[in-house]
Amino acid sequence: MAIEKLTGRAAIVTGGGAGIGGEIARTLAADEAQVLIIDIDESTAAANVERIRTAGGQAVAMVGDVAQEEVAKGMVERAVAEFGRLDILVQNAFGVVTSSIGGSAVEVGIDSWRRGLDLLVGAHFLGAKYAVPAMEASGPPAGFEPEPWDGRGLRRGTPPLREVGRIVNISSVHGLLQAAGSAIYETGKAAVNGLTRQMAIDFGPLGITVNAIAPGHMVTDNLEKLWADVGNEAGFHLHELQYPVRRTGESADIAHAVSFLCSPQASFITGVILPVDGGHSIQLQENIILELKDYIQRNPDLKTFFDSPGFAQKGRE
Ligand SMILES: NC(=O)c1ccc[n+]([C@@H]2O[C@H](COP(=O)([O-])OP(=O)(O)OC[C@H]3O[C@@H](n4cnc5c(N)ncnc54)[C@H](O)[C@@H]3O)[C@@H](O)[C@H]2O)c1
């Protein structure tokens, strides 16, 4: 059976102006959900809304920093005011390229630590705090037919709530595995995974599923620019060779997974941290580096986006 459309459902996508969030917003709208894009960047949010409307979808834009409590509260109020309900919250906002938050616990400043975690994980807490009561108040979308609760498997009494809501948190493979010199990002993404599982347990009885997606390296418009500026073909191919599927990801790979997790067919999936990474995170790393040794030696001039000052990685001796 094909994945059902999201007709009659209302969604919020944080950081939905550009990059992965931009593609998620377009995909949910193409699936017939009504979409509120909240983004700190007014022009990209407005441009994406225009793009969705031109394609026949429904979307509105709102500007704000989702790490701020009044913005988290306001986005939920606005979605309910615009669409009359709330069904889906996709928490994606974070500028991968624009945020310079690298460093070990010794190196990062206390303000950067607080601001970084406020956005990486605090925003997910705030989003859920205001979205969950709105989802409960909305109830399942019109036309939703609960499956018969007819005694199979000794099912008796009142059926559990279903299709009340979906939360999808965008985490990272950096929440599953740690990279050197990245205390804020790795801690924040690991915390998103913990919060996802916690919320899945807390909100499952309300009919709300909560999952996270852990993307690998996704070549968004921003990363494309970075690759063009500081990388070269040999460096990009080195990245591709690290993936069992022999390619890096694209925003659509994440958007399709979000769309599935929001569909009625995914109602029994909750508390999952789903890597969408072409198999990158299942490999034994000491083998990868040995497998790539010859390639690196043959291409001593390779440059990757890690050569950008924002991504400076320390060598190990
Ligand atoms: N691109 C990747 O390779 C990759 C890999 C793993 C995880 N991720 C995760 O995916 C998500 C999106 O990343 P991306 O690569 O698309 O980033 P991006 O920089 O291309 O887009 C991020 C969007 O979020 C918005 N934004 C940033 N801070 C915000 C805030 N405080 N409030 C509201 N909006 C805000 C930006 O304006 C932008 O539109 C992030 O959570 C990131 O950690 C990305």
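The values are calculated or read from the model by the stated rules, or taken from the named source; none is laboratory data. Treat the numbers as computed from the prediction; the structure is a model and nothing was measured. Positions of Cβ are backbone-derived with ideal geometry, glycine not excepted, and every protein chain shown enters the neighbour counts. Heavy atoms of the whole protein, side chains included, go into the accessibility calculation; ligands, DNA and RNA do not. Shrake-Rupley method; radii C 1.70, N 1.55, O 1.52, S 1.80 Å.
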* Kindly indicate whether any position in segment 122-138 is assigned to a loop (DSSP other than H, G, I, E, B) and not basic (Lys, Arg). => no
* To do: Would you be able to tell me the number of residues in segment 224-275 that are of a type in the set (D, E, K, R) and under 30 Å from residue 200 (Cα atoms)?
  => 2
* Asked: Is one or more of the residues making up segment 10-19 within 9 Å of the ligand (Cβ to nearest atom), at pLDDT 95 or above and among the β-branched types (Val, Ile, Thr)?
  -> yes
* Output the number of residues of segment 72-96 satisfying the condition of being at pLDDT below 95 and open to solvent by 50 Å² or more (accessible area, probe 1.4 Å). => 1
* Structure fact -> In segment 136-169, anything open to solvent by less than 70 Å² (accessible area, probe 1.4 Å) and under 17 Å from residue 7 (Cβ atoms) is listed as 138, 139, 140, 141, 144, 163, 164, 165, 166
* Structure fact -> Here the residues within segment 26-55 that are of a type in the set (Gly, Ala, Ser), free of Cβ contacts under 8 Å to residues at least 40 places away in the same chain and under 17 Å from residue 82 (Cα atoms) are 29, 45, 46
* Asked: Take the residues of segment 97-121 that are in a loop (DSSP other than H, G, I, E, B) and away from the ligand (no atom under 16 Å from the Cβ): which is most open to solvent (accessible area, probe 1.4 Å)?
  -> 106
* Extreme residue, surrounded by the most Cβ atoms within 10 Å (Cβ to Cβ), among residues of segment 4-60 that are more than 19 Å from residue 89 (Cβ to Cβ) and among the β-branched types (Val, Ile, Thr) -> 44
* Asked: For segment 130-155, which residues satisfy the criterion of being of a type outside the set (A, V, I, L, M), more than 16 Å from the ligand (Cβ to nearest atom) and touching a helix residue (DSSP H, G or I) at 6+ places or on another chain (Cβ under 9 Å)?
  -> 133, 136, 138, 144
* **Contacts under 6 angstrom Cβ, first residue in segment 144-164 being touching a residue at least 24 places away in the same chain (Cβ under 8 Å), partner surrounded by 12 or more Cβ atoms within 10 Å (Cβ to Cβ) and of a type in the set (D, E, K, R), 6 or more apart** => 144/163
* Residue ID - nearest to residue 272 (Cα to Cα), chosen from residues in segment 175-227 that are aliphatic (A, V, I, L, M), in a helix (DSSP H, G or I) and open to solvent by less than 30 Å² (accessible area, probe 1.4 Å) -> 200
